[in-house]
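Data block below; observations after.
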Amino acid sequence: MENRKDFFSCLDSDTSLKILTCLDDPADLVRICCVSRSWRHYVIANGLWKKLCLRMFPQLFRVASVVELNQHGAKELAEVGSSSSVEWVVLQREHRVYSYLSRALMSSIAMNCIANTVGASSTDNFPQESIDNTLEPRDRISDRYSYWSSNGQSNPDVPETLTYELVSQICVITEINIQPFQAHFQNGAPIYSAKSVRFKMGHAKASLDAVDDEIFSWTYISPEFPMSQENRLQKFRLPEPVLCIGGILQIELLGRVQRQEIDGLLYICVSHVQVLGGSLSPAFNVDILEPSGTFVLKRDQMANCQPVMTSGSESPEVSYEQRARNVRNIVTIFRGQEEIVEDAWDEEEFEIDDFEEEYAL
């Protein structure tokens, strides 16, 4: 045992970094941090939690800085002197924020994330056929049909858009479901679907300038999905979960299929829309920085780090005392193996973040 040592000491820094960046499970990175002070220091110094989150969700490349609310960050910065000490405080803060974020991002999520409607590119009969009707899962309420209808067009290539505000400024979106409307009150009960759909996610701009009249900035644009001319809730699963930063989702309805008999014009009608995913609030929020489009990622230390409507997460009934006993057991296990590495931790000098305590279990 006395001949054994930390194998990272036998490797150059680039090789070690290449090995650790191959880890794609946050739990593995937590275990790395629990091995020794030197390994944990290496994870923090190289921003491995941040790198993992960026691989999981490229939308995070727009993060300009991270902030911890209800944290003694100002006191920390006031107590450090050199620029290197300040840099280390920043690295530790990013380590904490991104480690909690990775857990929130990896949790199972399933909820309808639409909070409000923003608007439609056109509406045939307002307010009877407004976009607000798409929030109702039923296509008929009492004796009234519930749906949104576009204006009629003779050109089948004229697109339409439906824009929604999500439940928070930072959400993970996995799937968008759309049900075209079937007009049972018309001859032949036609279905007014689009040929295909595409999804955009982003945020509203703070102001408009003379050369740019777009009111939204998009951080993600999906591939185009074909749409069936069927009266059912059609599911469009994104290739990968997407982090919507800014809380705005727009559905592009591309191509018109159904012509209305009474006027010979082409329409698109939708009875219901669902946006499935999860909100990362109140634990996380963002401040958009204009005009750059970057943002400040904020974590509230007092809030639960898990998304709304998660499954498979830790039960709220787990007491603090039980968590403390579990952590002590882990420390005991690692101490029993401390001969494996030369730089095993010292309990008085090495502290595991609360997140790492939970995740390592």
Evaluate E = 1/(1 + (r/R0)^6) for LEU17 and VAL118, where r is the Cβ-Cβ distance and R0 equals 56 Å; express this FRET efficiency to the nearest 0.05. 0.80
Sticking with the crude label model, points 7 Å out along Cα→Cβ, report the distance from ARG37 to GLU240 in nm, one decimal please. 3.7 nm
Under a point spin-label approximation (7 Å from Cα along Cα-to-Cβ), what is the GLN92-ALA110 distance to one decimal in nm? 4.1 nm
Students often check this: by mean Cβ neighbours within 10 Å, which of 94-100, 112-118 ranks highest, and how do the rest follow? 94-100, 112-118
Here D for the range 111-279, in µm²/s, from Stokes-Einstein with a Kirkwood Rh over Cα pairs at 37 °C and 0.692 mPa s, works out to 202 µm²/s
If r is the Cβ-Cβ distance from ASP263 to ALA206 and R0 is 35 Å, what FRET efficiency results, to the nearest 0.05? 0.30
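Each reported figure results from applying straightforward, stated rules to the coordinates on display, with no laboratory input. Everything quoted here is computed from the prediction, not taken from an experiment. A quick note on method: Cβ atoms are made from the backbone with ideal geometry, for glycine too, and the neighbour counts reach across all protein chains shown.
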